[in-house]
1. Any idea what the dipole of the range 156-235 comes to, in debye rounded to 20, about its Cα centre with Lys/Arg Cβ at +1 and Asp/Glu Cβ at -1?
2. Please enumerate, by chain and number, the lysines with C-alpha under 24 Å from the C-alpha of LYS348, excluding those fewer than 8 residues away in the same chain.
3. At a temperature of 25 °C and a viscosity of 0.890 mPa s, determine how fast the chain diffuses translationally according to Stokes-Einstein, using the Kirkwood radius over alpha-carbon pairs as Rh; express D in µm²/s, rounded to the nearest whole number.
4. Taking amide hydrogens as modeled 1.01 Å from N in the peptide plane, which residues meet the under 5 Å criterion relative to PHE194, leaving out close sequence neighbours?
5. Identify which of VAL265, VAL74, VAL295 has the largest mean-square fluctuation in a Gaussian network model of the chain, with springs joining Cα atoms closer than 10 Å.
6. Mind giving me the FRET efficiency for VAL137 and THR257? R0 is 35 Å, r the Cβ-Cβ distance, nearest 0.05 is fine.
7. Mark the label point 7 Å from the Cα of ALA308 along Cα→Cβ and return the residues of the range 73-115 whose backbone N is within less than 20 Å of it.
8. Length gain on complete extension for the stretch ALA61 to TYR160, per 0.36 nm per residue less the alpha carbon to alpha carbon distance?
Amino acid sequence: MAKLRDCLPRLMVTIRSLLFWCLIYFYCGLCASIYLLKLLWSIGKGPTQTFRRVPREHPPACLNDPSLGTHCYVRIKDSGLRFHYVAAGERGKPLMLLLHGFPEFWYSWRHQLREFKSEYRVVALDLRGYGETDAPVHRENYKLDCLITDVKDILDSLGYSKCVLIGHDWGGMIAWLIAICYPEMVIKLIVINFPHPNVFTDYILRHPAQLFKSSYYYFFQIPWFPEFMFSINDFKALKHLFTSHSTGIGRKGCRLTTEDLEAYVYVFSQPGALSGPINHYRNIFSCLPLKHHMVITPTLLLWGEKDAFMDVEMAEVTKIYVKNYFRLTILSETSHWLQQEQPDIVNKLIWTFLKEETRRKD
């Protein structure tokens with residue numbers, strides 16, 4: 001009987017883990033079926049249009065706008081990977097490191113590069129696998145541990161030991177993890193539209209609505225098919241994310257210009273450019289939830305209330321994981337793409353947070 005009592009906790013963990021992975025694989029299959037039906041519907045309506053792709057040999061001029069900063073590259077010794085980033089502001093000033101989400105790249109921080117260069121060395125990074133940064137082939141190279149180490153190595157290569165860290169969407173996930181694993185590296189943490197990772201993993205299993213909103217996480221577990229679906233109809237799905245009524249930038253926001261949108265399509269239409277970004281998601285279920293999860297860094301969480309991918313209730317719950325000054329600002333009638341949609345408001349909120357004195361909670 002005593003042996004049974006000892007084994008029971010381990011048995012329950014095994015059962016929960018089994019149920020968790022059964023749910024994931026079931027939902028992966030469901031998502032694949034839905035997207036396959038969408039593909040067949042598109043082919044039925046117009047096969048020529050479905051497989052059409054406009055050749056893009058030269059980047060749009062906005063990607064080389066000198067007012068945004070200087071294009072730089074750094075090769076990391078341990079991984080051997082070459083990272084691309086755009087830097088604005090004088091060397092020697094405090095570092096502000098910007099981590100983009102999906103499907104974005106350094107350009108999503110264009111408004112912040114211009115704004116904060118007066119007082120910071122602002123660096124907008126292309127994450128591993130994105131844009132001009134090297135993209136390892138195997139999905140194992142995109143585990144969260146690798147992504148955390150990338151940021152640590154980038155800081156060392158830039159000659160800094162700490163920074164103001166800002167992340168949006170998936171970049172927000174990485175920013176949370178950096179603050180958890182290397183709190184000494186983060187002076188202040190600013191996250192846009194992504195909750196604490198433990199809040200996300202717990203919430204998604206308990207709330208069917210969030211499970212539906214995060215369906216792309218499951219769809220991305222499938223090999224090569226997600227990349228193909230993004231590319232059909234000349235990357236219509238990519239454009240849809242930024243421009244549609246349901247997921248795109250809101251009516252009151254700074255909508256993407258034609259050139260802005262073309263910049264995104266140009267970057268992700270390059271050969272193999274979608275595999276690296278999607279590989280980020282192909283390791284997430286083996287890495288979460290976290291064993292260590294408390295944040296001791298002063299934290300600002302900004303949230304667009306009309307986010308089509310993240311339930312706003314997760315923002316409220318996040319504060320229990322921050323054992324320091326925590327400020328949450330929810331912007332009404334704004335979408336997931338907050339720093340691009342309302343750059344003036346976002347920049348003002350960031351300035352206020354950076355300049356105020358913050359004290360650790362008792």
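1. Values: 4 positive and 6 negative charges, 55 e Å.
Magnitude of the dipole: close to 260 debye.
2. Filter leaves LYS93, LYS117, LYS162, LYS188, LYS252, LYS306, LYS319.
3. 115 µm²/s
4. Amide H neighbours of PHE194, under 5 Å, 5+ apart: ASP169.
5. Comparing VAL265, VAL74, VAL295 in a Gaussian network model of the chain, the most mobile one is VAL74.
6. Values: r = 34 Å, r/R0 = 0.98.
FRET efficiency, VAL137 to THR257: 0.55.
7. 101-105, 108-109
8. The ALA61-TYR160 span can extend by a further 32.5 nm.
Values in this text are rule-based calculations from the coordinates and carry no lab data. Computed from a predicted model, the values in this text were never measured in an experiment. Cβ atoms come from the backbone with ideal geometry, glycine included; neighbour counts cover every protein chain shown.
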